[in-house]
Amino acid sequence: MLRFRPVLVLLLVAATAGAALAGPSDPRVALKQRAEGETPLIADTFELCDRVGGRITGSPAMDRAVRWGVEKLKAAGVDSVITESFAVPFLWLPGTVEVAATAPESFSLRAVAAPGTASTGSPIEAKVVDVGLGRAEDWAKAGTATSGAIALVHTKEMKTFDELFDEYMRAGPLLKAAAQAQVRALLIQSTRPRGLLYQHPMVFGRTPGTVPVVLVAREQANRLAWLADRTEVRVRMDVVNRIGPSFDAENVVAEIRGKEKPEEVVVLGAHLDSWALGTGAEDNGVNSALVIDVARAFKELGLEPRRTVRFVLFGGEEQGMWGSAGYVERHKAELDRHAAVVIFDIGSGRTRGFYVSGRPELRPVLAKALSIYPGLGPSAHALEGVDGTDNFDFLLSGVPNFVADQEPGPYLPDYHAESDVPDRVNVKEARRNAGIAAALVWSLANSPASIPKRQTRAQVDALLVKTKLVEQMVGLDQWEDWKAGRRGFPPGP
Ligand SMILES: [Zn+2]
């Protein structure tokens, strides 16, 4: 039941003047108003980051995070909360890393192990060979000098999403070239200045890498490079990662059941797992808190959607979106009745629209659902195809999927880094994002019209080509899984 004080009604009408169909009885207005006020969103983000901490899937911290998510969603008053298991192809947890130059003089290096890559087994010591940016021509130029050596790979400073994406796309070819060149290990220069370190997966497939790889502070990598240009440089490395076989992890799945069409489902999701140099605030604690807050908002305001809303905290995202892949596999029989999936995964950057991944027919759906937000009309929504977050296996299954297109700051500079901690969160934008998520999910779950239909495998195949997602899938080791039907639709027409 919605109740407004008269003064509030006036303010709301003024704030939404010009927006179609928005009025004081529009639940979206109440959801927006609530989200932009004092909600537990920020306190929850701090609690998750500061009390649970960084939470790599397969670690005890991630188990604690799952329990935290279950308790928060129960407290929000949803109709049900369960955990659902999914398989992660292999375990990779950081252990200890010691890296130091031993010649021409001794100094220690600030370094972290690259997720998914091998341990050194025992300490190794070898000559450093500079392979420039690690392109095919760089390896060719280095010739046989790299055999048995530790190769030093330079990087460009990362300042944009495109540059970050390039970093991911280089990982596979780099590991392959390193293995072919028979290096003992790789030292990769951090793409962030001033000593900042981060952990990115180098491997997205189903088996861990065979070459030990560490990321070295940017300025120290430069020091090694100029020394290596003048004299012999030797480095000692002792890297112990915890690597194990396939294991089961858990998603948290909560529901508010639909009043009229309970069998039709709208999913609001964010990944709960993170890397653990920082505490995963921007990536993606704040949006885990957002998912919980939208559930809380529906209950607080007494809103009963026509369709069922599922609030999902995915695990295993950072290793290759295994949680959402597992959800899609487990729920494949009901994907025809999944009306839409909404994902938030770009921290607390201002939402400037949603990615519709090559489906223009979804733009008016968003525009209508978000008509109380000026600036989020049809043209605000990007056609670009999104791989690399939890919409992807839904996309591969033809389900309409939306990923919040958020401004890169404050997410990008601290991405996967030591500095991804909750005081970086933009409180105002995080609250606005929660309001947008709530209004969108409410509209999708409550609209009398049906949402554009699930695509067929043939349509998804065409979409992958049209959006150039094929190239990304090849780079991220997903293409063979799609072709073989291990992800998304089974193979066939
Ligand atoms: Zn993320």
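The values are calculated or read from the model by the stated rules, or taken from the named source; none is laboratory data. What you see is a predicted model, and the numbers here were worked out from it, not measured in a lab. We place every Cβ from the backbone using ideal geometry, glycine too, and count neighbours over all the protein chains shown. Please note that ligands, DNA and RNA were not included when accessible areas were found on the heavy atoms of the full protein model with its side chains. Shrake-Rupley method; radii C 1.70, N 1.55, O 1.52, S 1.80 Å.
Brief remarks on what is shown
- Dipole magnitude of the chain, debye to nearest 20 (Cβ charges: Lys/Arg +1, Asp/Glu -1, about Cα centre): 860 debye
- Helical contribution to [θ] at 222 nm, DSSP H n ≥ 4, -39,500 (n - 2.57), averaged over the chain, rounded to 500: -9500 deg cm²/dmol
- Accessible area per residue in Å² at 1.4 Å probe, computed on the chain: 39 Å²
- For Ala103, the amide hydrogen comes within under 5 Å of the amide hydrogens of Arg234, counting only partners 5 or more places away or on other chains and with H modelled in the peptide plane.
- When the listed pairs Lys74/Lys299; Lys368/Lys468; Lys261/Lys332; Lys159/Lys368; Lys32/Lys428 are checked against a 22 Å cut-off, the alpha-carbon distance exceeds it for Lys368/Lys468; Lys159/Lys368.
- Length-normalised contact order of the chain in % [C-alpha pairs under 8 Å, at least 6 apart]: 21 percent
- Summed residue charge, Cβ within 10 Å of Glu36's Cβ, Lys/Arg positive, Asp/Glu negative: +4
- Counting charges near Val266 (Lys, Arg +1; Asp, Glu -1) among other residues having Cβ under 15 Å from its Cβ returns a value of +2.
- Only aspartates and glutamates eight or more places from Lys127 in sequence, or on another chain, were considered; those with a Cα closer than 18 Å are Glu98, Glu105, Asp138, Asp229, Glu232, Asp238.
- Dipole size of the range 123-215 about its Cα centre, with +1 on Lys/Arg Cβ and -1 on Asp/Glu Cβ: approximately 140 debye, rounded to the nearest 20.
- C-alpha center-to-center spacing [the range 432-476, the range 145-181] in angstrom: 32 Å
- Taken as Cα centroids, the range 328-374 and the range 43-71 sit 26 Å apart, rounded to the nearest whole angstrom.
- Spatial separation of Cα centroids for the range 400-420 and the range 251-326, in angstrom: 17 Å
- Derived scalar couplings between HN and Hα for the range 255-272 equal 9, 10, 6, x, 7, 10, 10, x, 7, 8, 10, 10, 9, 10, x, 7, 7, 8 Hz in order, rounded to whole Hz, by the Karplus curve 6.51 cos²θ - 1.76 cosθ + 1.60 (θ = phi - 60°), x for Gly and Pro.
- Cross-link partners of Lys259 among aspartates and glutamates (Cα-Cα below 20 Å; sequence separation of 8 or more within a chain): Asp26, Asp79, Glu300, Glu304, Glu334, Asp336
- Modelled this way, with points 7 Å down the Cα-to-C-beta line, the labels at Ala43 and Lys159 are 4.1 nm from one another.
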